[in-house]
Amino acid sequence: QYNVAVDIYNDHAVIYEYAAPKDVNEEVSNKRLQDIIYLTGKQLDIPAEKIVVKVRKKQKGDSQYRTIAQQDQSMVVTEYGAKFKVNLFDYLDTGLFLDHRLARQYIQQNSQDKRFLNLFAYTGTASVQAAIGGAKSITTVDMSKTYINWGKENFELNNIQNPRYRFFQADCLSWLDQAQGEYDLIFLDPPTFSNSKRMTDAFDVQRDHIRLFETTKNILSEDGVLFFSNNKRGFKMDEEALTALGLKAKNISDKTLSPDFKRNKNIHNSWLITRV
């Protein structure tokens, strides 16, 4: 009945309340949220001013990028030797997807001397882990100027400087259509759905994942690995169409889901896709 998630960042807590269905009495749901706020502070010994409350509901179009409060309070957290800037107040998401910790660790462990491409890169955290893992070159692509700049800040935080580490602000689908060269490791973590004004057309991960693989395959090196992930509940990989493309997929969701997300196995799906 208490439909919330509590994330801990250093000495702060972020409480995400998932919007209640219309048949739940508003007073009841408000009371439950107050219970959660009170108990989070009490059980975890966190003062009220370090507890942030946000409501998660379906995002449409550009609304997923809008600021929700302009406090500009950021902090630095560490993960597998990397430092990341997070902002718990200004956006719905904090700058770091916690359910992808083990995915980023995989990238760090498998990027030595690789040409790495990070698509739909968000704040470039996977790119930072690739750099720490010794990637030969890194290309980071995201449509949002805010996130690209945030990614550059994450690189600076870790004292990463390399002329072969590049950032592009672009619609990933259009960028892929024009892309040249080859990559040995590609991290592809698209949104479930997007109809942002800056994209040429609406994107649906279930409907469009094969089209996405088709264009990505053009820049995947002969022995390259495409690490594909998404957060769509009930996502079904189109194995038949994948085989027709000359690709095969190995589901590694159980390996990329850290213990604190094990109760909700739908939080994300992930695959390693290679040539047959």
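The values are calculated or read from the model by the stated rules, or taken from the named source; none is laboratory data. This structure is a prediction, so every number in the text was calculated from the model and none was measured. Cβ: placed from backbone, ideal geometry, glycine included. Neighbour counts: every protein chain shown. For the accessible areas, the whole protein counts, side chains as well, though only heavy atoms, and no ligand, DNA or RNA atoms are used. Shrake-Rupley method; radii C 1.70, N 1.55, O 1.52, S 1.80 Å.
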Checklist entry - Once label points are set 7 Å from the Cα along Cα→Cβ at both residue 204 and residue 2, what is their separation, rounded to one decimal in nm? => result 3.7
Next on the checklist: I'd like the carbon and sulfur percentage of the solvent accessible area for the chain, probe radius 1.4 Å, heavy atoms only, ligands and nucleic acids excluded.
Outcome noted: 47
Checklist entry - Taking a label point 7 Å from the Cα of residue 152 along the Cα→Cβ vector, which residues of the range 167-188 have an amide N closer than 12 Å to it? => result 167-169
Item to check | Cα centroid of the range 13-39 to Cα centroid of the range 160-219, whole Å | outcome: 37
Next on the checklist: In Å and on Cα atoms, what radius of gyration and Dmax does the chain show?
Outcome noted: 19.3, 59
Checklist entry - At 222 nm, what helix-only mean residue ellipticity would the chain give, in deg cm²/dmol to the nearest 500, using -39500 (n - 2.57) for each DSSP H run of four or more? => result -8500 deg cm²/dmol
Next on the checklist: Only sites in a loop by DSSP and with at most 12 other Cβ atoms within 10 Å count here; which trypsin sites (Lys or Arg not before Pro) in the range 188-276 make the cut?
Outcome noted: 197, 233, 236, 262, 263, 265
Checklist entry - Computed FRET efficiency, Cβ-Cβ of residue 255 and residue 217, R0 30 Å: what is it to the nearest 0.05? => result 0.80
Next on the checklist: Starting from the 7 Å offset along Cα-to-Cβ, what nm value, one decimal, do you get for the label separation of residue 18 and residue 276?
Outcome noted: 3.8
Item to check | Proximal charge balance of residue 75 [Cβ under 11 Å; K/R count +1, D/E count -1] | outcome: +2
Checklist outcome for this item: Here the FRET efficiency for residue 79 versus residue 49, based on Cβ atoms and R0 = 22 Å and rounded to 0.05, is 0.35
Checklist entry - If you take the C-alpha gyration tensor of the range 120-276, multiply each eigenvalue by 5 and take the square root, what semi-axes do you get, largest first, in whole Å? => result 24, 19, 18
Item to check | Total formal charge among the other residues, if their Cβ is under 14 angstrom from that of residue 220, Lys/Arg +1 and Asp/Glu -1 | outcome: 0
Item to check | Accessible area per residue, Å², the chain with all protein chains present, probe 1.4 Å | outcome: 53
